[in-house]
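Presented below is the structure to which this report refers.
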Amino acid sequence: MQIVMFLVPVMLILVTLGIALFSWAVKNGQYDDLEGPAHRILYDDDKDMIPDEARTDKPADKKTTGQTTEAGAKTKSGEDEPKQG
């Protein structure tokens, strides 16, 4: 019975602390945008690693890249492109 007299006040203190921390988080905007970080990870931030022909922000200039689009042709790095079909 003495342990109950000890645990009930400890439990009330922990519940009060949890409610206070949750209120602080809500007031500081921690729960405002739950989907933004999940969508932001899908955006590509390493544009220098994207091949020119795959970029959507600007059209690829075939004269300056030196790459051909024929199946099985060599790229600038000398590797074979996969053949389609």
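Coordinate-derived values only; no laboratory data. Source: prediction; values computed, not measured. With ideal geometry, Cβ positions are generated from the backbone for all residues, glycine too; neighbour counts draw on all protein chains shown.
Given R₀ = 25 Å, FRET efficiency for residue 6-residue 33 by Cβ-Cβ distance, to 0.05? Efficiency at R0 = 25 Å is approximately 0.05. Each of residue 17 and residue 56 was given a label point 7 Å from its Cα along the Cα-to-Cβ line. The distance between the two points is 4.8 nm.
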